[in-house]
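For reference, the structure discussed in these notes is given below.
The values are calculated or read from the model by the stated rules, or taken from the named source; none is laboratory data. Quantities reported herein were computed from a predicted structural model and do not represent experimental measurements. All Cβ positions, even for glycine, are placed from backbone atoms using ideal geometry, and neighbour counts span all protein chains on display.
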Amino acid sequence: MCANSRFAPAFRHGVIVPGMLSLVAVMGACKPKTVLLTVTPSTTRVYGTTPRGDSLLGRGQATVTLKKEGTRITLNADGYRPVSRVLTTADAQSGELRLALTAWRFPINVDPFDAESRVDGVVQPSRSFVLEVERDKARTLEITKPGFRRIVKRYENLDGTQPPAIERFQLTDRAVLLTVAPAGTTIEVAGKPIGENAAEIAIPPGQCTAVRVVRPGYLPVEKQYCEGAAFAALPLTDKIELRDRMVALTAEPATADIFVGGRKVSTGQFNVAIRTGTCTEVRLEAPAFSTQRREYCNQDNAQPIPFEDLVKLGRDEAWDLSMASDQANVNFTIEVGNQRAADDAWKTISQIVTNSFDVLEVTDKETGYLRTGWNVRRFSDKVIRTRVIVKLADANPLKYTIKLASEKSDDGRATVKDDELFREWDRVLLQYKDLINEVQSRLR
């Protein structure tokens, strides 16, 4: 026995030499065996188990003395599942041993006490529990409570990642579960989509969150949710239904003016709103192009409203058969030449006017007043009416005012008597373009 080795005789060439000690051989045979243990992560505490309890041998690395019956060690690091094993003389063959903690194990504490915690969809029995994640695996933690913003966190135990020592969660942000309709409606916060059809709206303490609900073909709805003593209590759930419609209207040409309800609202493009239960009339106009009209009705049994509408304006026939004129709808004063008699001048005016107009509604030589009936020219989408009015402006020297009235209706069904459908037109049909100049030249 090594304990009595100091009494062991020595042997030399097979002969016992009494009293001599082979100290080198004996000491080599009885020296305790050790192993250099290196552990990952480097923060791991290495404990050796003795009859008196566990003793710390090192952190990340330790030299362990091996007993004949084996030495039990325990490896412990924050965030990891502890490992305990017995090291034997076989572990000391190379003189060095490497071990690693791989499974995560850390406590989770949740506040408030009545919040619900789920791990991979499984409800946890209490607000404080231990989460374990095996190597190369992942687990998802979800913490919820009605009226509060939920917390979702995913833990992935992958190479190069580290576990937390402990996790503490507190639900502080309030939340409203918002659902929207119709299907396919998007919910936006701060200009970014956060969900479709439904989403959780988070409201930090003492603040407001603005929500915008959008869907193509519908008028967006905006709403604010505020948390704090100065505001009304937040609902747990809310619902927004988009009902007002919207048409993205584009005109061709892009220079066309867009009128809604008789008021100009844009040029080229406009989002037309149609409130629930109403109709909206749109008119599009552009020089040299025919006027176009659209009516969109957001009513039961009405024609479906398009999300987008491209309106192409056709060429205007009246534009091609007319010219812009500064003489349209303006009183021009014409002075009669000194050598012209009043009767002769009146006769000349009447001849010129009746060459273009068949009907004289009023003619009074004594007062010097003449008014023709309306001459009507119809086109596919509009009606043009023209007439002449002559008045005596001064008797000495003799002067007359003449007005070429030119008016347009964009309703192709308008009659000459529908005064409310006509408005002054800054153009004159080509057949009347020289009428005033002729009167002016012949009365000199």
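Assorted remarks:
- One residue stands out among those in the range 294-314 that are in contact (Cβ under 8 Å) with a residue 24 or more places away in the chain and either of a type in the set (Asp, Glu) or under 14 Å from PRO216 (Cα atoms) (or both): the one that is surrounded by the fewest Cβ atoms within 10 Å (Cβ to Cβ), which is GLU308.
- Candidates THR185, THR255, filtered to the one that is of a type in the set (Val, Ile, Thr), at pLDDT 95 or above and over 26 Å from PRO304 (Cβ atoms): THR255
- Scanning the range 90-130 for residues that are under 28 Å from ALA199 (Cα atoms) and among the aliphatic types (A, V, I, L, M) yields a count of 6.
- Residues of the range 322-353 that are within 60 Å of the chain's Cα centre (by Cα) and among the β-branched types (Val, Ile, Thr): VAL330 alone.
- Which listed residue, of GLY121, GLY184, GLY195, GLY147, is under 25 Å from LEU236 (Cβ atoms) and in contact (Cβ under 8 Å) with a residue 40 or more places away in the chain: GLY147
- A count restricted to the range 337-367 and to residues that are among the β-branched types (Val, Ile, Thr) and more than 27 Å from ARG427 (Cα to Cα) stands at 1.
- Taken together, ARG127, ARG81, ARG154, ARG139 contain a single residue that is farther than 30 Å from ASP173 by Cβ, out of contact with any Gly (no Cβ under 8 Å at 6 or more places or on another chain) and basic (Lys, Arg), which is ARG81.
- Condition broken by THR401, with the remaining ones in (1) within 60 Å of the chain's Cα centre (by Cα); (2) farther than 30 Å from GLN292 by Cβ satisfied: (1)
- Residues of the range 62-115 classified as free of Cβ contacts under 8 Å to residues at least 24 places away in the same chain, assigned to a strand (DSSP E or B) and surrounded by 14 or more Cβ atoms within 10 Å (Cβ to Cβ), total: 2
- Restricted to strands (runs of 3 or more DSSP E) entirely inside the range 309-387, those with at least 2 residues that are touching a Ser or Thr at 6+ places or on another chain (Cβ under 7 Å) and polar (S, T, N, Q) are 331-335.
- Qualifying residue in the range 76-90 (condition: among the acidic types (Asp, Glu) and modelled with pLDDT of 90 or more): yes
- The single residue among ALA405, ALA341 that is surrounded by 16 or more Cβ atoms within 10 Å (Cβ to Cβ), outside the structural domain of GLU281 (by TED's automatic domain parsing) and under 23 Å from LEU443 (Cα atoms) turns out to be ALA405.
- Of all residues in the range 349-372, those that are surrounded by 15 or more Cβ atoms within 10 Å (Cβ to Cβ), in contact (Cβ under 8 Å) with a residue 24 or more places away in the chain and more than 13 Å from LEU435 (Cβ to Cβ) total 1.
- Selection within the range 116-145 - in a strand (DSSP E or B), among the polar types (S, T, N, Q) and within 19 Å of PRO163 (Cβ to Cβ): SER117, SER128, THR140
- Filter pass, ASP300 being at pLDDT below 90 and either outside the structural domain of ASN437 (by TED's automatic domain parsing) or touching a helix residue (DSSP H, G or I) at 6+ places or on another chain (Cβ under 9 Å) (or both): no
- Per-region count, the range 181-207, residues surrounded by 13 or more Cβ atoms within 10 Å (Cβ to Cβ) and either in the same structural domain as PHE270 (by TED's automatic domain parsing) or within 23 Å of LYS145 (Cβ to Cβ) (or both): 13
- Identity of the residue in the range 221-278, in a strand (DSSP E or B) and free of Cβ contacts under 8 Å to residues at least 12 places away in the same chain, that ends up surrounded by the fewest Cβ atoms within 10 Å (Cβ to Cβ): ARG263
- Within the range 416-444, the set of residues being of a type in the set (D, E, K, R) and touching a residue at least 24 places away in the same chain (Cβ under 8 Å) comprises GLU424, ASP426, ARG427, LYS433, GLU438, ARG442, ARG444.
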